[in-house]
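Below: one structure, written as structure tokens.
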Amino acid sequence: MVSYVVTTAHQAGYSQSEQARELAVVLRAQYVSRDDRSIADMVKEYEVDGVLVVSRQRTSLFVSGQEFFFHPGMAALRIKAILAGKTDQMVKAMGLQEGDRILDCTLGLASDAIVAAHVTGDHGTVVGLEVVPAIAALVRVGMTGARYKNARLAVAIRRIQVIEADYRDYLRRLPDKSFDVVYFDPMFRSGVQRSSNMGPMRVLADPSPLSTDALAEADRVATKAVVVKERRGSPEFARLGLSEQGGGRQASVAYGILRTEGGSP
Ligand SMILES: C[S@@+](CC[C@H](N)C(=O)[O-])C[C@H]1O[C@@H](n2cnc3c(N)ncnc32)[C@H](O)[C@@H]1O
């Protein structure tokens, strides 16, 4: 687990200090005042891996020389493509419709959840679970604080409910058929994630593989489908008993789909 202290940017105002203090409490981390120190000096002084910084612009975790903060990633482009009538492979794999209730068990930076929230609309529900407290907090704070010129993106972001939780516990507590689609996008088991050029997400995120027990719980909870995203050709599909589908011919990812009883093919 990554360790960090929480502080503010240089020349922060009262509200940033207050926000940083509150965040430190939520994250059970130490709040320290900035006192003109550099990130590198603070890492050394407090013997931590990183520093979480609240500034007027955004809240970021600086770790391993990289900055981690919420940004909608490819979500804006994907929403634009959907509006232009193009097929989004995740939406197709999920069989998403307006009004659907989606449980995204691996929220991460929430790109997939944002696209799902765009499609399911005002009458849909998108709940995102994230087990790493810093990721859940940065995404929640980033989603509330950000202003987007793209109105559809802003509306989709506002629809997402971020919950800090381990899907293994959360799924067990859910009643049967309480969501339409349950989605997993675990950290990929092989390839780039082991490269030396690991992005901050790869340093921070929980890399645990999806278990067949969790998949069975998800199957109980979903009315339509359980969908798992993985690298195309990943042995994970066979291990989980899922046939690899969708993703597009050129895509590096594919989707394993478990249609639940009554879920249309
Ligand atoms: C590959 S990322 C998901 C990316 C996301 N689909 C997106 O569009 O940004 C996987 C995320 O799932 C989280 N995760 C892993 N195991 C989890 C668990 N048991 N419960 C909740 N979240 C988990 C990781 O910490 C990581 O943030």
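For region 89-154, what size does the Cα cloud have along each of its three principal axes, sorted from largest down, in whole Å?
31, 29, 21
Roughly how many nanometres apart are two label points built 7 Å out from the Cα toward the Cβ at residue 176 and residue 35?
Inter-label distance under the simple model: 6.0 nm.
What percent does the relative contact order of region 10-132 come to when contacts are Cα pairs within less than 8 Å and at least six residues apart?
Values: 131 pairs, mean separation 20.7, N = 123.
Averaging sequence separation for qualifying contacts and normalising by length gives 17 percent for region 10-132.
Note down the Stokes-Einstein diffusion coefficient of region 43-123 in µm²/s, whole number, using a Kirkwood radius over alpha carbon pairs, 20 °C, and 1.002 mPa s.
On the way: Rh = 15.0 Å.
My calculation gives 143 µm²/s for D.
Among 145, 94, 228, whose Cα lies farthest out toward the positive end of the dipole of region 75-259, if unit charges sit on the beta carbon of Lys, Arg (+1) and Asp, Glu (-1)?
Value computed over the given set: 145.
Using a simple spin-label model with points 7 Å from Cα along the Cα→Cβ vector, what separation in nm is obtained for residue 201 and residue 87?
Computed distance between label sites residue 201 and residue 87 equals 2.4 nm.
Run lengths n ≥ 4 of DSSP H only: what is the helix-derived mean residue ellipticity at 222 nm for the chain, with -39500 (n - 2.57) per run over all residues, to the nearest 500? Numbers along the way, then the final one.
Details: 11 runs with 93 residues, N = 265.
Calculated at 222 nm, the ellipticity per residue is -9500 deg cm²/dmol.
Pairs of lysine in the chain with Cα under 17 Å and at least 8 positions apart or on different chains: total?
Working: 80/92; 80/149; 92/224; 92/229; 177/224.
Count of close lysine pairs: 5.
Filter the GluC sites (Glu not before Pro) in region 63-164 to those in DSSP coil with at most 10 other Cβ atoms within 10 Å of their Cβ, and list the result. Show your work: numbers first, answer last.
Working: sites: 67, 98, 130, 164; in loops: 98.
The qualifying sites are 98.
Across region 26-41, in residue order, what do the Karplus-derived ³J(HN,Hα) couplings come to in whole Hz, using 6.51 cos²θ - 1.76 cosθ + 1.60 with θ = phi - 60° and x for Gly and Pro?
Per residue, the Karplus-derived 3J(HN,Hα) values read 4, 8, 6, 10, 7, 8, 9, 6, 6, 6, 6, 7, 7, 4, 4, 5 Hz.
Using Stokes-Einstein with the Kirkwood hydrodynamic radius over Cα pairs, what translational diffusion coefficient do you get for the chain at 20 °C and a viscosity of 1.002 mPa s, in µm²/s rounded to a whole number?
Numbers: Rh = 19.4 Å.
Answer from the Stokes-Einstein relation: 110 µm²/s.
Which order do peptides 99-110, 117-128 fall in by mean Cβ count within 10 Å, highest first? Walk me through the numbers before you get to the answer.
On the way: 99-110: 23.5, 117-128: 20.0.
Going from most to least packed, we get 99-110, 117-128.
Readers should treat all values here as calculations from the given coordinates under stated rules, not as data from a laboratory. Because the structure is predicted, anything quoted here is derived from the model rather than measured. We place every Cβ from the backbone using ideal geometry, glycine too, and count neighbours over all the protein chains shown.
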